[in-house]
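One structure is given here, and the rest of the page talks about it.
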Amino acid sequence: IIGKSGSGKSTIVDLIMKLTCPQSGEIFIDEKSLKDLDNKNYKSLIGYVPQDPFLFDTTIRNNLIWANEDASEKEVWDALEKANAKDFVNNLPYKIDTVVGDRGVSLSGGERQRIVLARAFIKKPNILILDEATSSLDLDSENLIYQSIKKLSKKMTIIIITHRLSFLKQSDKIYIIDKGQLVESGSYNNLISQKDSTISKMIKNNILKD
């Protein structure tokens with residue numbers, strides 16, 4: 001999902017996550033109306049990674065099992081590996097029992113985001129939502145997260161709000177939102193082949209970046 005600031009991208013995410021209700025119409029998932037699904041059960045199927053990662057002032061382990069208290073040691077490490085965080089965690093002074101500080105202040109931005117990504121993975125979600133989750137990262141950190149997402153893209157539904165071409169090129173379908181309306185949709189190759197498409201214009205104006 002792409003669009004200008006204020007176009008309605010995050011509102012779509014809020015609707016999908018049942019944080020707000022549609023004023024009209026309905027949302028269907030697997031042919032079932034979202035309003036008829038149990039909130040707790042449905043939300044347990046969603047993993048969410050925001051633009052600004054939040055970590056509690058405790059250990060990496062506690063930050064992870066907060067999302068799944070029944071996770072085994074193997075599942076904790078599997079989640080770290082899927083998020084490309086296992087190596088850097090193993091190099092920390094106390095490894096997975098390292099205290100990250102308030103909001104994860106002792107970690108770099110890329111490290112924090114990968115821990116938050118691992119926390120989403122440990123839920124074993126059916127739907128993974130990334131809301132501009134890599135926009136403030138350096139290219140190396142973003143590439144690590146991109147590789148993680150690419151490996152899992154056939155195992156779950158992944159919804160990404162982004163302005164990164166690397167993510168758009170791998171997407172099955174791109175939705176372009178403007179002023180709360182869907183203005184274009186299609187595959188990357190289909191949209192980029194149209195010189196007057198929104199994506200073509202955004203690339204030309206350097207709004208979308210590799």
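The values are calculated or read from the model by the stated rules, or taken from the named source; none is laboratory data. As the structure is a computational prediction, the values presented were derived from the model and not from experiment. Cβ coordinates were reconstructed from backbone atoms using ideal geometry, including for glycine residues, and neighbour counts include every protein chain displayed. Heavy atoms of the whole protein, side chains included, go into the accessibility calculation; ligands, DNA and RNA do not. Shrake-Rupley method; radii C 1.70, N 1.55, O 1.52, S 1.80 Å.
Within segment 79-94, being open to solvent by 40 Å² or more (accessible area, probe 1.4 Å) and in contact (Cβ under 8 Å) with a residue 12 or more places away in the chain holds for Lys82, Asn84, Tyr94.
Candidates in segment 40-72 are the residues that are of a type in the set (D, E, K, R) and assigned to a helix (DSSP H, G or I); of these, the one that is nearest to Val105 (Cα to Cα) is Arg61. Any residue in segment 139-152 that is in contact with a helix residue (DSSP H, G or I) (Cβ under 9 Å, 6 or more places away or on another chain) and either modelled with pLDDT of 90 or more or in a loop (DSSP other than H, G, I, E, B) (or both)? There is no residue in segment 139-152 that is in contact with a helix residue (DSSP H, G or I) (Cβ under 9 Å, 6 or more places away or on another chain) and either modelled with pLDDT of 90 or more or in a loop (DSSP other than H, G, I, E, B) (or both). Among the residues of segment 154-165, those identified as modelled with pLDDT under 90 and buried (at least 17 other Cβ atoms within 10 Å of the Cβ) are Thr162, Arg164. Counting residues in segment 169-186 that are at pLDDT 85 or above, buried (at least 20 other Cβ atoms within 10 Å of the Cβ) and either out of contact with any helix residue (DSSP H, G or I) (no Cβ under 7 Å at 6 or more places or on another chain) or not in a strand (DSSP E or B) (or both) gives zero. Being more than 25 Å from Glu75 (Cβ to Cβ), out of contact with any Leu (no Cβ under 8 Å at 6 or more places or on another chain) and assigned to a helix (DSSP H, G or I): is that true of Lys201 here? Criteria met by Lys201. Of all residues in segment 43-55, those satisfying the criterion of being closer than 19 Å to Ile12 by Cβ and either open to solvent by 20 Å² or more (accessible area, probe 1.4 Å) or over 17 Å from the mean Cα position of the chain (by Cα) (or both) are Lys43, Leu45, Tyr48, Pro50, Gln51, Asp52. Pairs, please: C-beta under 7 Å, at least 6 apart or cross-chain, first residue farther than 11 Å from Ile145 by Cα and at pLDDT 90 or above and in segment 101-122, second among the polar types (S, T, N, Q) and open to solvent by 20 Å² or more (accessible area, probe 1.4 Å)? Pairs found: Ile122/Asn68.
A search for C-beta distances below 7 Å between a residue of segment 148-171 that is free of Cβ contacts under 8 Å to residues at least 60 places away in the same chain and any residue that is among the basic types (Lys, Arg) and open to solvent by 80 Å² or more (accessible area, probe 1.4 Å), counting only pairs 6+ apart in sequence or on different chains, returns Arg164/Lys209; Leu165/Lys209; Gln170/Lys150. Would you confirm, using the coordinates I've provided, whether Ile27 is of a type in the set (Val, Ile, Thr) and over 27 Å from Gly110 (Cβ atoms)? Criteria met by Ile27. Search segment 187-200 for residues being loosely packed, with under 15 Cβ neighbours inside 10 Å and within 26 Å of Asn143 (Cβ to Cβ), and hand back the single one that is nearest to the chain's Cα centre (by Cα). Applying the filter and picking the extreme gives Ser187.
Being closer than 20 Å to Arg119 by Cα and part of a helix (DSSP H, G or I) is the filter here, so list the residues in segment 1-38 that pass it. The answer is Val13, Asp14, Ile16.
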